[in-house]
Amino acid sequence: MDTNDLIRGAPSEPDSGYDNETSSLYTSIGSSILDYEETYGRSYHAFKRGRYPLPNDAIEQDRMIYHHQSIHTLLRRWWLSPCQPTHILDVGTGTGLWAIEVADEISNAQVTGIDLSPIQPNATPPNLFFEVMDAEDELNGFEEAFDLIHTQFMNGISIRTWQHFYKQAITSLLPGGWVENHEIDFSCLCEDAEVPPENAFGRWIKLWNDGLEKLGMTGRCNAIIMEGQLREEGFINVTVESYRVPVGAWPKDDEYKKAGSLFLEGLLSDLSGLSLKAFLDGLHWSRADLELLLLEVRRDLQKCELHCYMPLYVTGI
Ligand SMILES: C[S@@+](CC[C@H](N)C(=O)[O-])C[C@H]1O[C@@H](n2cnc3c(N)ncnc32)[C@H](O)[C@@H]1O
């Protein structure tokens, strides 16, 4: 499947070898999962309504695709663990892009993607299944089912307690299985200077995290804590690898430039969707004040004067 087919929620035509029947999985849960919350002009998941503060509509799906492509440009692999998995779980699969790419690449693997929102395309490789599930519930039916469990962009918002997640992961893993988290610490760091206090992106990210905190979440990610939690839950061979995701096309290296450009594109494509619930529900800002701040943030991001980056941690490999 050409990943560009997924941009802007374009309905995908079944490709040859793709299974168009997997969408019927959702019917077993009932149409209520499609009864999306409509608020602030955006749609949000219906299953476990209110649980996750980012939209699930086409604009947000485009953002996810840009950010997935940015991370994949940096890592160049779908996972780093030294394993050849055949039963793979993608937790919080979003558009399903990671899962689709993996299922396409490894046709002898069974890939399962779970999410609160049934937004994945209907046409999928035949070895891929999507299910609507809350990753923080007991993962019933998944006992000793996987040899690789993957997350990407879930930290602090989707998975509020990694300790609990790792406890569940242990029961869902086959003996010798691996868990691998690709998680970003949503903060504004700078390669060669302090971020000046007047920089709107720096202000936005701090306020965004404050708003999320009021909702009981965080965009921050502490790999040292995650590493300790993995060990506490009995994982061995625990490793943390750190990367820098550039925000903008400022790096000289071509691959970093591409990753930074995709990351910035993703941010600019849906700053509003990222912000709405954190600022309006968490911080009780007015919509007008938020829009003013977002204008400044877009302007500062597009100027690309600072060499900003966000840390990306790969844990559990
Ligand atoms: C930031 S997106 C990341 C999507 C995907 N992993 C990627 O990298 O493109 C987070 C996804 O996790 C899903 N999600 C949030 N909380 C969840 C939960 N408790 N259980 C399952 N999925 C969840 C959201 O619906 C959303 O699709």
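The values are calculated or read from the model by the stated rules, or taken from the named source; none is laboratory data. Predicted model, so just to flag it, every value in this text is computed and none were measured. All Cβ positions, glycine included, derive from the backbone under ideal geometry; neighbour counts span all protein chains shown.
Consider the range 95-116. How many of its residues are assigned to a strand (DSSP E or B), near the ligand (Cβ under 10 Å from one of its atoms) and not acidic (Asp, Glu)?
Matching residues across the range 95-116 total 2.
Name the residues in the range 70-94 that are closer than 24 Å to GLU265 by Cβ and within 9 Å of the ligand (Cβ to nearest atom), would you? Within the range 70-94, ILE71, ASP90, GLY92, THR93, GLY94 qualify. Checking each residue in the range 122-139 for being assigned to a loop (DSSP other than H, G, I, E, B), more than 21 Å from PRO85 (Cα to Cα) and within 15 Å of the ligand (Cβ to nearest atom) picks out MET133, ASP134, GLU136, ASP137, GLU138. Name the residues in the range 178-204 that are crowded, with 22+ Cβ neighbours inside 10 Å and not aromatic (Phe, Trp, Tyr), would you? The answer is VAL179, ASN181, HIS182, GLU183, ILE184.
Just to be sure I understand, how many residues within the range 51-77 are over 23 Å from ALA249 (Cα atoms) and either in contact with a strand residue (DSSP E or B) (Cβ under 7 Å, 6 or more places away or on another chain) or surrounded by 19 or more Cβ atoms within 10 Å (Cβ to Cβ) (or both)?
Restricting attention to the range 51-77, the residues satisfying the condition of being over 23 Å from ALA249 (Cα atoms) are 51-58.
Still in the list and also either in contact with a strand residue (DSSP E or B) (Cβ under 7 Å, 6 or more places away or on another chain) or surrounded by 19 or more Cβ atoms within 10 Å (Cβ to Cβ) (or both): 52-57.
Adding up the residues that qualify gives 6.
Filtering LEU215, LEU207 for residues that are at pLDDT 95 or above, within 15 Å of the ligand (Cβ to nearest atom), of a type in the set (A, V, I, L, M, F, W, C) and over 18 Å from the mean Cα position of the chain (by Cα) leaves a single hit, LEU215. Looking only at residues in the range 153-200 that are away from the ligand (no atom under 13 Å from the Cβ) and among the hydroxyl-bearing types (Ser, Thr, Tyr), which one is nearest to the chain's Cα centre (by Cα)? Ranking the candidates gives SER187 first. Of all residues in the range 170-207, those satisfying the criterion of being under 18 Å from LEU295 (Cβ atoms) and among the hydrophobic types (A, V, I, L, M, F, W, C) are CYS188, ALA200, PHE201, TRP204, ILE205, LEU207. Restricting attention to the range 153-176, the residues that are in a helix (DSSP H, G or I), surrounded by 19 or more Cβ atoms within 10 Å (Cβ to Cβ) and of a type in the set (A, V, I, L, M) total 1.
Return the residues of the range 131-149 that are within 11 Å of ILE170 (Cα to Cα), touching a residue at least 40 places away in the same chain (Cβ under 8 Å) and of a type in the set (D, E, K, R); say none if nothing qualifies. Once the filter is applied, which keeps residues that are within 11 Å of ILE170 (Cα to Cα), touching a residue at least 40 places away in the same chain (Cβ under 8 Å) and of a type in the set (D, E, K, R), the range 131-149 yields only ASP147. For the range 209-219, taking the residues that are assigned to a helix (DSSP H, G or I) and touching a Leu at 6+ places or on another chain (Cβ under 7 Å), the one that is nearest to LEU189 (Cα to Cα) is identified as ASP210.
Residue-by-condition table, conditions (1) assigned to a loop (DSSP other than H, G, I, E, B); (2) free of Cβ contacts under 8 Å to residues at least 60 places away in the same chain; (3) buried (at least 16 other Cβ atoms within 10 Å of the Cβ):
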| position | (1), (2), (3) |
| --- | --- |
| CYS221 | yes, no, yes |
| MET226 | no, no, yes |
| ALA249 | yes, yes, yes |
| ALA259 | no, no, yes |
| LEU290 | no, yes, yes |
| LEU294 | no, no, yes |
| GLN302 | no, yes, no |
| GLU305 | yes, yes, no |
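Only one of the numbered conditions (1) modelled with pLDDT of 95 or more; (2) crowded, with 18+ Cβ neighbours inside 10 Å; (3) more than 9 Å from the ligand (Cβ to nearest atom) is violated by ILE119, and that is (3).
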